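Comments concern the structure below.
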Amino acid sequence: AGKKVLIISTEMNKRQMARRFFSLHLRAPYNDIRRGKLGDFAEPKFLDGVKGIMKDSGISIVGGDFDYTIDNLAAVIADEKPDLVCIDGPYLIKNSGKDRHERVSNNFDDFKKIGIRSHCAMLTNLQFNRSAKTGQSSTISADNIGVTDVAGWNATAAYGLVQTEEMLAN
């Protein structure tokens, strides 16, 4: 859509992220891609699809060396100038603070500032804390986002995804 997306994962390296992205985008079986066993017919189609995606300059991936700081993140965003930043594992980004809770809270404050300063949307994902109960929709709220309330306070929008027993069985 003519927009630039920066995908950052503190938990997966670039290769893992690229495999998953290509698998989804090209509708190819992820496990076969991961194992390098696409087969004689699927492999050329897959490689052609990858070449087509590589020509698109709208997606950048930064993958997990588990050593990100908030300053590194701000620098990458300043260099890449994305319209959208997607951050996986935001709780692993290093920041100032006396304990884990305060460091993660500071991250979400900084995400908001970086997004405003850089004119880009910031999207992160977190799990719910133990107060969110399966089958009790009233417990699925921004107040029950894991690690810090600050994520919900700084959010323009928050969405909760729940997996039911039936979904898990399927």
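The values are calculated or read from the model by the stated rules, or taken from the named source; none is laboratory data. Every value quoted in this text rests on a predicted model; they were computed, and no experiment measured them. Neighbour counts run over all protein chains shown; Cβ positions are idealised from the backbone, glycine included. Just so you know, the surface numbers come from the protein's heavy atoms only, side chains and all, with ligands and any DNA or RNA stripped out. Shrake-Rupley method; radii C 1.70, N 1.55, O 1.52, S 1.80 Å.
Of note:
- Karplus-based coupling profile of the stretch 110-115, in residue order and whole Hz: 5, 4, 4, 5, 4, x, with θ = phi - 60° in 6.51 cos²θ - 1.76 cosθ + 1.60 and x standing for Gly or Pro.
- Close amide-amide hydrogen proximity is noted between Cys86 and Leu6, Ile7, Ile8, Leu123, each under 5 Å apart and 5 or more residues distant or on a separate chain (H modeled in the peptide plane; Pro and chain starts excluded).
- Per DSSP, loop chymotrypsin sites (Phe, Trp or Tyr not before Pro) in the stretch 66-117 with at most 16 further Cβ within 10 Å: Phe66
- Rolling a 1.4 Å probe over the protein heavy atoms leaves Thr69 with an accessible area of roughly 40 Å².
- Beyond 30 Å in Cα-Cα separation lie the following of the pairs Lys55/Lys94; Lys37/Lys81; Lys3/Lys45; Lys4/Lys98; Lys4/Lys113: Lys55/Lys94; Lys37/Lys81; Lys4/Lys98.
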